Amino acid sequence: MEYEGQICRGPMERASYMLPISVGCSYNQCRFCTLFKHLTYRELPLEQIEAELERVSAVGGNPKQVFLGDGNAFSASTERLLVILEQLRRYFPACETVNMDATVHDILRKPSRELEQLSAAGVRTLYLGIECGLDDVLERMEKGQTMAQAAEAIEKLHQAGMQYGAHVMTGISGKGRGLENAQALAEFFGRTHPDRIVNFSLFLHRRAPLYQDILSGQFVPADEVENLREEHRLLELVETPGLAYDGFHDCISVRVRGHLPQDRDKMLKKLEDAIEVHEKKDPVFAIVP
């Protein structure tokens, strides 16, 4: 299948077979994001999806784990998702797990009965763009959700037998608020128990609406040293046993990954070493052309 747009999936899905079932993001309003701004959201025809499954199966493909794309595949109706899940079982009998991205409101609008059907059909993990633990920041970023709504959606998922992975962004709260955000996120995760966290530290394209907020002075970005300190504080505080963590700072080529609690000291030490190196240099802001 010819893929449209930029591939977007968490690193924990690198071994998954990625099956696009839609193009773009049905929400597509976040001020920091440019991944899907050039695309008009649409669902791919079921016939096209089945043809791709048939093609992969015919050459011996039979993956155990599948990731449904694109930006938030869970926005599809439950009826449509159940059809696709049935197709997956038919062509990939070894498939045990189906994961995808979702928004908080896509979960809230689906009745609990439908969530239970999707769980029974093989959906295991939904990745949610939590991004930040501070409601005023979420509002400024036009994320379209509050922390209370996120907690409500996650409780619905857990009741249905599914789990969630959290996408967060160190730096999203701006200069001077990183430690405050780390504290809020740690408290939230202590209540909602993600099984994995991916930190795509703020990496801002000049085409993003948030960049215009920087130019106008409405948003003052944190530099990468502050972002590293925010991540360090988050990893100090998060206590969810068995949690998988992966954090990226692309502009300074720092990546921290492991499992909590067993890898906590190793990850904290790597961040401390990076802070020591970069605090002696000119500030770096994660903004690209």
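Couple of notes before you dig in:
- Residues of segment 58-116 that turn out to be farther than 16 Å from MET162 by Cβ, among the charged types (D, E, K, R) and touching a strand residue (DSSP E or B) at 6+ places or on another chain (Cβ under 6 Å), as a count: 1
- Meets criteria (modelled with pLDDT of 95 or more and more than 23 Å from the chain's Cα centre (by Cα)) for SER75: no
Every residue, every condition in (1) at pLDDT 95 or above; (2) more than 29 Å from MET100 (Cα to Cα); (3) among the small types (Gly, Ala, Ser); (4) crowded, with 20+ Cβ neighbours inside 10 Å, yes or no:
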site	(1), (2), (3), (4)
TYR211	yes, no, no, no
LEU237	yes, no, no, no
CYS251	no, no, no, no
VAL254	yes, no, no, yes
PRO289	no, yes, no, no
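- Listed conditions (1) in contact (Cβ under 8 Å) with a residue 12 or more places away in the chain; (2) surrounded by 20 or more Cβ atoms within 10 Å (Cβ to Cβ); (3) at negative phi are all met by ASP195, apart from (2).
- Pick from segment 182-216, criterion in a helix (DSSP H, G or I) and touching a His at 6+ places or on another chain (Cβ under 9 Å), ranking: farthest from LEU157 (Cα to Cα): TYR211
- Residue in segment 165-181 that is over 20 Å from PHE200 (Cβ atoms) and not acidic (Asp, Glu) present: yes
- Test result for LYS281, at pLDDT 95 or above and surrounded by fewer than 18 Cβ atoms within 10 Å (Cβ to Cβ): yes
- Among the residues listed as GLY258, GLY171, the single one being closer than 30 Å to HIS38 by Cβ and outside any helix (DSSP H, G or I): GLY171
- Residue within segment 126-135 that is in contact (Cβ under 8 Å) with a residue 12 or more places away in the chain, in contact with a Pro (Cβ under 7 Å, 6 or more places away or on another chain) and not assigned by TED's automatic domain parsing to the domain that holds ASP250 present: no
- Annotation note: of LYS280, LYS270, LYS266, the sole residue that is free of Cβ contacts under 8 Å to residues at least 60 places away in the same chain and in a loop (DSSP other than H, G, I, E, B) is LYS280.
- Failed criterion for PHE203 (all others in (1) surrounded by fewer than 23 Cβ atoms within 10 Å (Cβ to Cβ); (2) within 27 Å of PRO241 (Cα to Cα); (3) under 16 Å from the mean Cα position of the chain (by Cα) hold): (2)
- Qualifying positions in segment 137-154 - in a helix (DSSP H, G or I) and free of Cβ contacts under 8 Å to residues at least 24 places away in the same chain: LEU138, GLU139, ALA148
- Number of positions in segment 217-249 that are in a loop (DSSP other than H, G, I, E, B) and either touching a Phe, Trp or Tyr at 6+ places or on another chain (Cβ under 7 Å) or on the phi < 0 side of the Ramachandran plot (or both): 10
The values are calculated or read from the model by the stated rules, or taken from the named source; none is laboratory data. Note that the structure is a prediction, hence the values are computed from the model and not measured. Please note: Cβ atoms are built from the backbone with ideal geometry, for glycine as well, and neighbour counts cover all protein chains shown.
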